[in-house]
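The values are calculated or read from the model by the stated rules, or taken from the named source; none is laboratory data. This is a predicted model, so every value here is computed, not measured. When we count neighbours, we look across all protein chains shown, and the Cβ atoms used for this are built from the backbone with ideal geometry, even at glycine.
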Ligand code: SF4
Ligand code: SF4
């Protein structure tokens, strides 16, 4: 499971500040398991948006937002409301936001922060797309992740090494920041480059204990627990 949690409301409204008509796209997969998605969360967000003078143009709950083809086909039946939309609010992990952004010509705004994907890239596994950095920047970068597309995971790219759109670290690789620049240009959002924070809060990389509920973590916890119990029993025996 890709662990993701809701962004704080204040951050959400900062990102949505310049947009009036909002369409909500939500993933019916991992976020439901993390209590950060599903129809209940969509309804909660709708209420919050309306209360803050936004217009909700519609919503779509899609089984797995990391399935690009599915996202495209499901959004195709919402063309009319999407025409009256300024931005799409995406309730999912970073992979789902990127899949949605790649299928529409609108800004895709992440409603959640992804804390850990444990290397899993959902149903879009051809490349690493989300590294679970804990602070999703996709609202500012046109739906292209700077952490995974830039070889140095820079927030203040592009670096001086970019040449003909290729990365200096690996010549065959597209420069992530070149892609971000072009995407922002297409969206008319080059101003976003001035808003990207220069520093990352690396504390957010750690996953809080209460979110460590996946099978792997559960197994590790059981192991640690049994070792402790076993040690205590041995100590008791010796005493
Ligand atoms: S910025 Fe990238 S690594 Fe961080 S949560 Fe978003 S998609 Fe994942
Ligand atoms: S060339 Fe582009 S992708 Fe490569 S390290 Fe520099 S900014 Fe990042």
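Numerical summary
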{"read-out": "Residue 86 in contact (Cβ under 8 Å) with a residue 60 or more places away in the chain and near ligand 1 (Cβ under 7 Å from one of its atoms)", "value": "no"}
{"read-out": "Selection from the range 107-141 of residues that are more than 20 Å from residue 14 (Cβ to Cβ) and within 16 Å of ligand 2 (Cβ to nearest atom)", "value": "127, 128, 129, 131"}
{"read-out": "Selection status of residue 178, surrounded by 13 or more Cβ atoms within 10 Å (Cβ to Cβ), at pLDDT 95 or above and within 12 Å of ligand 2 (Cβ to nearest atom)", "value": "yes"}
{"read-out": "Residue within the range 205-213 that is assigned to a helix (DSSP H, G or I), more than 23 Å from residue 96 (Cβ to Cβ), at pLDDT below 85 and out of contact with any strand residue (DSSP E or B) (no Cβ under 6 Å at 6 or more places or on another chain) present", "value": "yes"}
{"read-out": "Count of residues meeting criterion [touching a strand residue (DSSP E or B) at 6+ places or on another chain (Cβ under 9 Å), within 11 Å of ligand 2 (Cβ to nearest atom) and more than 18 Å from residue 108 (Cα to Cα)] in the range 142-175", "value": "7"}
{"read-out": "Residues of the range 26-47 classified as exposed (fewer than 14 other Cβ atoms within 10 Å of the Cβ) and more than 17 Å from the chain's Cα centre (by Cα), total", "value": "5"}
{"read-out": "Extreme residue, surrounded by the most Cβ atoms within 10 Å (Cβ to Cβ), among residues of the range 56-101 that are out of contact with any helix residue (DSSP H, G or I) (no Cβ under 8 Å at 6 or more places or on another chain) and under 10 Å from residue 22 (Cα atoms)", "value": "85"}
